[in-house]
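Following: one structure in structure tokens, then a few remarks.
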């Protein structure tokens, strides 16, 4: 009888380990997010492993670099890609790195190849402001981003989202993080 109980425990422990392995931390991080983002994913999206995130085109360099940093964090949390580290980008590109926001797709692909990346993420921050409504101020953030294959120059995925915060107590950077989180979650779900 004890042998049967021991065997049953071992089987249940093994099943629990398999189930736990299937529930990725990324999946949990993105559960319930991604609604509202507009996403396109090319059929060949699985061929990209190593990506570089370039500063996004924005009203200021600081906003573009800050939003790109938020993208980096969310993409790391997705577990889908290996990222080119900013320090490595600076070593390869020098000071020109900061002037890379808003590159054409073909030029961005060339830069990605210089960095040893399979793909490069570029984008635009079209809205990053506080707006007044009903006597209160609400943050509004609009971002579009795309992953470009460094070999073919094709767009692998594209995502955009513009949204006003529902709570006037939310700061502009907090709202930008929420928008980027939902964008990366939408890409994560669409590329499963």
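Rule-based calculations on the coordinates, nothing more; no lab input. As the structure is a prediction and not an experimental result, all values here were calculated from the model.
General observations
- Alpha carbon centroid spacing (whole Å) that separates segment 40-90 from segment 114-173: 12
- Proportion of all alpha-carbon pairs of segment 50-192 beyond 24 Å (%): 29
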